[in-house]
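Read the structure below first, then the notes.
The values are calculated or read from the model by the stated rules, or taken from the named source; none is laboratory data. Predicted, not measured: the structure shown is a model, and the values here were computed from it. Using ideal geometry, Cβ is built from the backbone for each residue, glycine included, and neighbour counts are taken over all protein chains shown. Remember, those area values only see protein heavy atoms, side chains included, never the ligands or the DNA or RNA. Shrake-Rupley method; radii C 1.70, N 1.55, O 1.52, S 1.80 Å.
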Amino acid sequence: MPASCILGTGSYLPERVVTNADLETMIDTTDAWIRERTGIEKRHVVVDGETCCDLAEKASRNALDAAGLQASDIDLILVATTTPDQFFPSTACLLQHRLDAHGCPAFDLQAVCAGFVYALDVADKYIRCGAARHVLVVGAETFSRVLDWTDRSTCVLFGDGAGAVVLGAGDQPGIISSRIYADGAYKDLLQIPGGHGNGRPDEAFVEMKGNEVFRFAVTKLWRLVDETLAANGLSRSDIDWLIPHQANLRIIQATARKLDLPMERVVVTVHEHGNTSSASIPLAFDQAVRDGRIQRGQTLLMEAFGGGFTWGSTLIKY
Ligand code: ACO
């Protein structure tokens, strides 16, 4: 059975940067509060006319270049996004057209901040069963468009961006293990309530009970990390890099403590990017690959938690 190997990574951030100091001029907040509670210092935000597909396209082209492949080599495109540019066609179809690739299946996958690990799980299964040889997996978000910029409890937390990986069928270990979960019983704790189906089309902004989400996320991620290691016969010291979803520095630190990992072996971008939802893991991954921290042969653990609730982990021999 073929393994899913990482052939290349890419990412893209919009040029416009919004700092905590900028937010101080817009809402009743302080740089100190945001840094202390979240670790965030700034975030990138799209400008008018800049789309989720624009970000996805740039990240994808970078990943294809890194993999040494053409878009025509790809036989499945998956885009994890919660903020597509339109209801349909999917961002994956829009991206496929931009890349001038034709015919291969392309679809979006919506698992909010766990979207990228969900998409890796699907891609891995396509590759393992022989249905695809090369899969483009993208996490792309324009969360700035679904924020109430007068709500200080949410608007300081998020940013926009995209990250991508090209997976290829190979005989190297690649993705060693993938675990994804959901529990819709927690739907009200973190949501964008708006929708045509529920008669609330105008309520299209993020709402979050931050404290409760925080507690649940830490507990679930601790259990997930333990389960992932045990199921694969690994110990904490076998992990070279933790690449966590970048929601909050305090959640990341708690997970690192659980793994006994020094923060030097955790890829952290939340201070520079904020929470870019499904883009946060591939953005962090690409940054650490490109700056040389992550090396071939190392063992990587990705973990994420998001609205739904959804959560999951991916263990990779890079
Ligand atoms: N600036 C200043 N004060 C603020 C701000 C702000 N931006 N936001 C809230 N406050 C105030 C509150 O009003 C409150 O004031 P009060 O005590 O007078 O009522 C006080 O700060 C404390 O608020 P809390 O919500 O209790 O602050 P907390 O320490 O819990 O931090 C935070 C909030 C950062 C949101 C945290 O709960 C968190 O990170 N939660 C988890 C987020 C997460 O992981 N989400 C999952 C992924 S996201 C996704 O899937 C879309």
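What are the ³J(HN,Hα) couplings of the range 232-248, residue after residue, when phi is run through the Karplus curve with 6.51, -1.76, 1.60 and θ = phi - 60°? Round to Hz, x for glycine and proline.
10, x, 10, 10, 4, 6, 6, 7, 7, 9, 9, 10, x, 4, 9, 9, 7
With the cut-off at 27 Å, tell me which of the pairs 58/220; 58/209; 125/220; 125/258 have Cα atoms farther apart than that.
Correct reply: 58/220; 58/209; 125/258.
Tell me the relative contact order for the range 102-220 as a rounded percent, counting alpha carbon contacts under 8 Å between residues six or more apart.
Value for the range 102-220: 21 percent.
Which net charge results for the neighbourhood of residue 74, defined as the other residues with beta-carbon distances under 14 angstrom from its beta-carbon, given Lys and Arg at +1 and Asp and Glu at -1?
-2
Short version: ³J(HN,Hα) in whole Hz for each residue of the range 159-164, in order, from phi by Karplus 6.51 cos²θ - 1.76 cosθ + 1.60 (θ = phi - 60°), x for Gly and Pro, what are they?
x, 10, x, 8, x, 8
I need the calculated FRET efficiency for the pair residue 35 and residue 264, taking r as the beta carbon distance and R₀ as 22 Å, to the nearest 0.05.
0.65
So which trypsin sites (Lys or Arg not before Pro) in the range 221-318 end up in coil per DSSP with only 11 or fewer other C-beta atoms within 10 Å?
Counting only loop positions with at most 11 other Cβ atoms within 10 Å, the trypsin sites (Lys or Arg not before Pro) in the range 221-318 are 296.
Could you work out the local net charge near residue 226, counting Lys and Arg as +1, Asp and Glu as -1, over the other residues with Cβ closer than 15 Å to its Cβ?
Its environment carries a net charge of +2.
In nm, to one decimal, how far is the residue 200 label point from the residue 254 one, both placed 7 Å along Cα→Cβ?
2.6
About the Cα centre of the chain, how large is the charge dipole given +1 on each Lys and Arg Cβ and -1 on each Asp and Glu Cβ? Please answer in debye to the nearest 20.
Using Cβ point charges on Lys, Arg, Asp and Glu, the chain gives about 900 debye.
For residue 214, what accessible area in Å² do you get when you roll a 1.4 Å probe over the heavy atoms of the protein chains, rounding to the nearest 10?
Accessible area, nearest 10 Å²: 50 Å².
As I understand it, the dipole of the range 91-196 uses +1 on the Cβ of Lys and Arg and -1 on the Cβ of Asp and Glu, about the Cα centre. Which of 107, 169, 137 lies farthest toward its positive end?
So the residue furthest toward the plus end is 169.
What's the local net charge at residue 287, with K and R +1, D and E -1, over the other residues with C-beta under 10 Å away?
-1
Select from the range 1-95 those chymotrypsin sites (Phe, Trp or Tyr not before Pro) which occupy a DSSP coil region and have at most 14 other Cβ atoms within 10 Å, ordered by residue number.
Loop-located and lightly packed - 87.
Amide H to amide H under 5 Å from residue 39: which residues, 5+ apart in sequence or cross-chain, H placed 1.01 Å off N in plane?
For residue 39, the qualifying residues are 249.
Given a 1.4 Å probe and the protein chains all in place, what does the accessible area of residue 220 round to, in Å² to the nearest 10?
Counting only protein heavy atoms, residue 220 exposes about 40 Å² to solvent.
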